[in-house]
Amino acid sequence: MTEQEARRAQRARFERLAHVVVEPLHRYLLRRTSADLVEDILAETMLVLWRRIDDVPGVGTGSVPGPASDPASDPDPDDVLPWCYGVARGCLSNARRADGRRLRLVERLIRTHEQQPPTGPADHSDLHAALDSLGALDREVVQLWAWEGLAPRQIADVTGMTSNAVSIRLHRAKKRLAAQLGRKDAERAGHKRDEGRSSQ
Amino acid sequence: MNDDELLARLKAADPALTPEAPLPDIDRLVEATLTSDTAFSSATTPAGNTTGTTARPARTTAGRGRRQLLGLAAAGLLLLGGGIAGGIMANNGNGGGSDNGSGNGHAAKSAAGLTLTAEAGGATGKCAEPTPDRLRKYPVLFEGTVTSVKGSEVTFRVDYWLKGGDAETVVLDSGSDEVEHLTFSEGEQYIVAAKDGVVPMCGANGVSPETIAQFRKAFGK
């Protein structure tokens, strides 16, 4: 296999990987940062994936020579995504670290700006408040479970924890979240009843 | 509240459900990734395949997006000045149009080093970000890193010849009274254009890695 063929095969693998992971990664970043930063961090993530294409699990090694050695099938999202989420997570925290307070301020401004008009069919401010009350890692674990739909084993791949640690953390975080939301719901129900009575 | 209820509630609040940002163009993203990294991949691909190890690049581009965020306002201002400067440059190009392409070989071919002088002029505006199209008309064009600045004399190590030249180092006499519009700092990368041994106004620009990638792509070398 010539050098050129090798590079072409590598490119082909990267393209197949991109078609599988770009949209989930885009959603991952959209859930965690502001829309105008998503594009930059996504580009950064793709650059890392390309540079480390040989390390991505489940994309085929590509080092096996011979015809049709590189399966032309798309990689299985369940195999590749957790690892790629891990890369995106790293790029995101790099970006946050690099810009530190300024970026967080921007994000906070955007969030408060978005929250000001409580539009939409449902107001999720209670839920976001409850999520914000969790620690960063707890929140990430819960979000990976609920939004990315990952199993504890896969969350472990993303975060670098053990599956066991993930399960415990997830269990506790869910309990805390449910308790907080339950309390809020109860408060609101009570509040509504009061209002109803006073207006009669 | 049980697990399923919590999950439903979380899913309903998924910020990606109603994305304001358009979906990414996968092909464009792939293309951008590959072009911004061609230098790296060509250098390490063979090694990666034969030994099974992957080199980790030291260079990262993290933070450039954020820089853009701040730079947006500045860019708006620069465009104004750049427009004026661009007009001056176009005039220069037309004025001395007898010499084009390889005609500058006498200066560019010296392997030991190339000496250029900066054009004298009183422009006070800042230069706009260089683009391949604007600098294409110059027969000598390279990207280089400043290795030393001694008074008005700036020495470049040529990283890449985009057009017409093969010297490894280039010395540019920026003219002591012209520090106002040509400021060089050591270790920074610049794209420098020249014609007849003279660097025009806005012909030497500090550039970012993206701009360099853009130039390399445009000149296809």
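The values are calculated or read from the model by the stated rules, or taken from the named source; none is laboratory data. Just so you know, these numbers come straight off a predicted model, no measurement behind them. Heads up, the Cβs are rebuilt from the backbone with ideal geometry, glycines too, and the neighbour counts pull from every protein chain shown.
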Give the residues of the stretch A:141-162 that are more than 15 Å from residue A:78 (Cβ to Cβ) and among the polar types (S, T, N, Q), sorted by residue number.
-> A:143, A:159, A:162
Every pair of residues 6+ apart whose Cβ atoms lie under 9 Å, when the first sits in the stretch B:1-25 and is more than 7 Å from chain A (Cβ to nearest Cβ) while the second is at pLDDT below 85 = B:18/A:120
Subset of the stretch B:14-33 that is buried (at least 18 other Cβ atoms within 10 Å of the Cβ) and at pLDDT 85 or above - its residue that is nearest to residue A:32 (Cα to Cα) = B:29
Please tell me if residue A:7 is surrounded by fewer than 21 Cβ atoms within 10 Å (Cβ to Cβ), modelled with pLDDT under 90 and not acidic (Asp, Glu).
-> yes
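Are any residues in the stretch A:56-73 loosely packed, with under 15 Cβ neighbours inside 10 Å and at pLDDT 80 or above, and if so, which ones?
A:57
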Name every residue in the stretch A:15-42 that is farther than 13 Å from residue B:23 by Cα and either at pLDDT below 90 or within 7 Å of another protein chain (Cβ to nearest Cβ) (or both), in order of residue number.
-> A:15, A:18, A:31, A:33, A:34, A:37, A:40
